[in-house]
Amino acid sequence: MESSREYGLPPILCKDPAVLILGSFPSKMSLKTQQYYANPQNQFWRIMSDLLAWGNLPDLHSFAEGLRDHHIAIWDVIASRCFQEGSMDGDITDPVFNDIPGLIRNYTTIRCIGINGKKASECFQKSVRGIPLEETIVMEQLPSTSPAYASCSYEQKLLRWQVLLEYL
């Protein structure tokens, strides 16, 4: 029954991305607003703003444009999942994966894949199992920007996410 599934968001792409950032699946708030990382407690946009020296951009649409301007693409590993009440990664059941290998084949400028959190990393590994990826692409597992991952300070997360700057 299709109504018992939730579907993710389309990727944010530019014509020549150098970095692809992969999350697991959008939060309920992100699905409702159709914007990546819409929960104001999620530190993703703050980290991107600090890394790319944006200052305060007025809205999420401006942030998406800023990513495109810096050759950064965003997508989630999971395309759809069984409906669940909450947004916790640990509750995800029956995931169907996006075609990440196909995206990488179509965007040959990608040099680094930054994986946002443990669940995204686990799902990414499952989604590409047995599929050869370009050896020139670097995979970086990054600390989750989710408010649920509180054992790492903002400063620690920001420091770890700085690795992406090497590929821009």
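Structure notes:
- Extension gain, LEU51 to ASN106, is 17.1 nm, computed as 0.36 nm per intervening residue step minus the present C-alpha separation.
- Highest GNM mean-square fluctuation among GLY114, GLY55, GLY66, for the chain modelled with Cα contacts below 10 Å: GLY55.
- Relative packing of 18-25, 147-154, 69-76, which averages over residues the other C-beta atoms within 10 Å, highest first: 18-25, 69-76, 147-154
- Fully extending the segment from GLN41 to THR136, taken as 0.36 nm per residue of separation minus the present Cα-Cα distance, adds 30.8 nm.
- Relative contact order for the stretch 2-167, counting Cα pairs under 8 Å that sit 6 or more residues apart, in percent: 31
- Pair-distance profile P(r), taking every C-alpha pair of the chain, with 10 angstrom steps and integer %: 10, 41, 38, 11, 0
- Overall form of the stretch 125-168 per C-alpha gyration tensor (a/c, 1.5; a/b vs b/c): oblate
- 222 nm mean residue ellipticity, helices alone, for the chain (DSSP H n ≥ 4; -39,500 (n - 2.57); rounded to 500): -8000 deg cm²/dmol
Computed from the coordinates by the stated procedures, all read-outs in this text should not be read as laboratory data. Predicted model only: the values in this text are computed from it and were never measured. No Cβ is skipped: glycine too gets one built from the backbone with ideal geometry, and neighbour counts run over all protein chains shown.
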